[in-house]
Each structure stands twice: as structure tokens, then as C-alpha cells.
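FYI, it's all coordinate maths here, none of it is from the lab. Since the structure is predicted, the reported quantities are computational estimates derived from the model, not experimental observations. Because the Cβ atoms are built from the backbone with ideal geometry, glycine has one as well, and the counts that use them run over all protein chains shown.
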């Protein structure tokens, strides 16, 4: 049965995960410490420590659906078999008498037999991680991934700071709580740090920095390439010292209670590929002039207080694949150069305030777009026929704009939309271009002054894949035959 539902903020698009997957689909960019076959044996003390570590937990498939993730527009970190179909309790299959270097999730040094890597992400671990855990007997560890387990709201043990060889530490979304230990700042070899967390439904962060401020926390991590602290309460400005991290490529600070001005020099870091800082409504900033040498692929600023003009040089970001400034305070004209960003697959201009822009025919240059959200973006004029060039477009929300759709009714080839939101678009009738849209799963035609009967051809597309339909606030007549819908 199809349901009526609001479409705004419904677009959790997996395609965006191509470049921000560490926020949600974590394993794909976590350090590779999975099992490797070998002819050498691990040392007895290493095997003993691992088996002791196994005994510290029970194994239960986690359910994170009760917890809150403010950044869910961009990735869905909740444990989900459809996203992580191969998750299972890895340690359950560790057996005494077997070479621990062959155990799932364990990686050893080929020369010494020391355990140097442990990947137990999505491994159903249930129970607290104590400060005297046998994990901390594995002093040669270089890579540790414990993401997406349930450590029962225990604190992150300060003993992680003793694992001085660590280059990769991933503890994201594993139900830790309390203060992030300052001892983690001792890990000067880190190139990858992910402590991202859930929030409770009252938006209280489970993790926070207190004894050591953000500046001191990162000042010794000069080798950092990737930093993910989503929903860790930092209650801080972004330190200028971040601009000293010359290797930094990925920065994610979503929903961290940041305030103050975003340092513009961060945009100029030579290896930077992704800046994702949404849902920090007290964070201010301006976009700089961009050079065509920039390697930036992702720029997500929504629900921040970034303002000023969007520079024409935004068109120099030739590698940009995702750009979101939803609910920001940019003003002035929308640069025409934005329609030349041919590698974009995600563009969100929802609730922006540019000077009454037309939707130009150059929209058709964005042939790789998968998601396009222009909800309440004050566009006017005609929806260009070049929309037909966007053959990969799956999500299109153009609700609450002053646009005409006349040309679309004459185009034989339009994108195979899966989600199409045309709320409050003054349609007056069911648009004929919908006749061939049999891939639709969600359709919003609300508040369009549509009168009369629902046309018979409409039920042809509704019977196929349509799951959510919103026809509210129209002037439709007749009865609804339930047999016509699934």
C-alpha cells in the first residue's frame, strides 16, 4: 500500500557514500586489517591475549535504531543488513590451537608473528571495553578498527594512548560515552582517527572533549590524513592549527557544536579532498577563491552559518562530486560556473537565497548527477529540456519554486527517476511526462491545484514500483480503488 509522506529531507542517498563513506559505510575506507594467509605462526602470548579478549564479550547483533544521527541526510550509519550484509561475529570462530594469524580480522607481522592489525568492525561485540582489557597487551598494534559494535556506553579507555605504534584507530558508532581521553592525543603516528558517535534523541552527545580542548587534542597528530569526529561534542571553534596538517585529506565534523569562523586556509590544504561540517549552526565562514589545482571532491556545509557570495571560482573545482549548501546564508547571484562542474553527482541548494535565479540550459552539463535538490531555492522560469541529459538522475526535488514544466511534456527521454518531488509547483494537472516514469518509488504532487479525476494511465505507473505517493492539498474527485495500487 502506498503511503503519503513528506519528502523534504528524505534523501539518504547511497551514491554520496563514494567519497564520504567513512561517515556511514565505514569499512570501505577503514584500514585493511582483514585476514591474510601465511606460513608463519603467531607468538603464544599474542594468541593468549586474543583469546582472553574474546572472553570479555558476548556476541549479539546490535540494534542502533533507538539512537539519533543528526547527519543522516548524507549517510545512514545505523546497523542495517542491507548495507552490511556480511557482518557476523568474527571472534566467535577464533579457536585455541589454531594459528591466530589466520583468524578472521587478525593481521600479523610476517617476520615476527606479532599481531599488528585488528579489524573487528561490525562483529557483534556486546559489553564494556575495560581499561584492563587484554587488547592492550598487544603492544605492536598499528591498526585497530572496532567500529559498529556495542560497548554498552562505557568510556573509551585511556590505555589506547599506550599503543604508540597506532597509525589507524577507528571506534566509530560503537556506543562509547563520556569524555574522550586526552591520552589519544599522544598517538603521534596516527594518520586515521575516527571517533564518530551517535546522539540521544534529546540531541545530547554521548562523547565529548573536556579536559583537553580541540586544539591540544590534535596538535601532536601532524601525520593525520583522515579525521572523523561526527557528533562528538567539541564545543569549540575550529583551531587554526588544523591548517598545519599538510597531509589532511578528509575532515568530518558533523554536529559537533562548533562555533566561530571556519579558517579559510583549510580550503587551501594541498591534499584536501573532503570537508564535511554540517549541522553546526553557530559555525560561520566564507568560501575563498578556489584554484583549479584543488583536489576537493566533497564540500558539505548545510545547516551552518556560512555566508557571503558564492565565488565564481567554484567552477574551478573540477573534481567536485558533492556540493551541499542547504540552509546556508549565501547571497547574491548564483555563479553560472556551478553548472560546469561536470563531475557532480550530488547537488543540494535547498533553502538557499540567491537572486531569483533561472534554471539554465547548462544544467544539462551535470550529466553525472544522481541527486539534485532545489527545494525552496527560489528558481523561476522554465525547467530546461536539457534535464533529459541527466540520465543518471535518481532523486529530483524541485518543490516550492516558480517554474514551468511545459518543455518536459515534449521530451521523450527523461531521467529514470526513483524519487520525484514536485510539491507546490502550480501544475494544475497530472504532468504527461510521468506516463513513462515506471521506475518511480516516491512521488510528491502535493499542493498543485490539480482538479478532477486521477487519469487511468497514472495507475499504470503506480502498480509497478511506487511505494510513497503524496497527492494532498489538491482538488481531486472520485473514489480511490485500492485494487489499483499495491
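Just how far, in whole angstrom, is the range 237-297 from the range 335-406 if you go by their alpha carbon centroids?
26
Pulled fully out, how much extra length does the chain show between residue 164 and residue 477, if you take 0.36 nm times their separation in residues and subtract their Cα-Cα distance?
105.6 nm
Return a whole-number percent for the relative contact order of the chain, with Cα pairs under 8 Å and 6 or more residues apart as the contact set.
The normalised contact order for the chain reaches 9 percent.
Angle check, please: helix 44-55 long axis (alpha carbons) against the longest principal axis of the chain (alpha carbons), in degrees 0 to 90, nearest 10.
50
So, R0 is 22 Å and r is the distance between the beta-carbons of residue 429 and residue 356; what FRET efficiency does that work out to, to 0.05?
So the FRET efficiency works out to roughly 0.25.
Starting from a Cα-only point model with no solvent, please compute log10 I(q)/I(0) by Debye for the range 92-198 at q = 0.09, 0.15 1/Å.
Log-scaled intensity ratios, in q order: -0.22, -0.62.
What length, rounded to one decimal in nm, is gained on full extension from residue 189 through to residue 60, with 0.36 nm per residue of separation minus their alpha-carbon distance?
43.1 nm
With each pseudo-label sitting 7 Å past Cα toward Cβ, what's the residue 412-residue 318 distance in nm, one decimal?
So the two model labels end up 3.6 nm from each other.
Quick one: if the Förster radius is 51 Å, what FRET efficiency do residue 331 and residue 102 give, using the C-beta to C-beta distance and rounding to 0.05?
Rounded to the nearest 0.05, the efficiency is 0.25.
May I ask you to sort 291, 86 by Cβ crowding, counting other Cβ atoms within 10 Å and putting the fewest first?
Fewest-to-most Cβ neighbours within 10 Å comes out as 86, 291.
Provide 411, 338 in ascending order of the number of other Cβ atoms located within 10 Å of each residue's Cβ, fewest first.
Ascending number of Cβ neighbours within 10 Å: 411, 338.
Can you tell me the mean projection area, over all orientations, of the convex hull of the range 352-459's alpha carbons? Units nm², please.
With every direction weighted equally, the projected area is 6.4 nm².
Projected area of the chain, taken from the Cα convex hull and averaged over every viewing direction, in nm²?
Spelled out: convex hull of the Cα atoms, projected over all directions, averaged, 24.3 nm².
With runs of 4+ DSSP H residues as the only contributors, calculate the mean residue ellipticity of the chain at 222 nm using -39,500 (n - 2.57) per run, divided by the residue total and rounded to the nearest 500.
It lands at -1500 deg cm²/dmol.
Bin all alpha-carbon pair distances of the range 161-298 at 5 Å intervals from 0 and give each bin's fraction as a whole percent.
2, 10, 20, 24, 22, 13, 6, 2, 0
Give me the extension gain from residue 291 to residue 132: residue separation times 0.36 nm, minus the current Cα-Cα distance, reported in nm with one decimal.
The residue 291-residue 132 span can extend by a further 52.2 nm.
Could you tell me what percent of the DSSP beta bridges with both partners in the chain are antiparallel, to the nearest 5?
Percent antiparallel among DSSP bridges in the chain is about 10.
Going by how many other beta carbons lie within 10 Å of each one, how would you line up 222, 410, 284, 391, fewest first?
By the 10 Å Cβ count, ascending, the order reads 410, 391, 222, 284.
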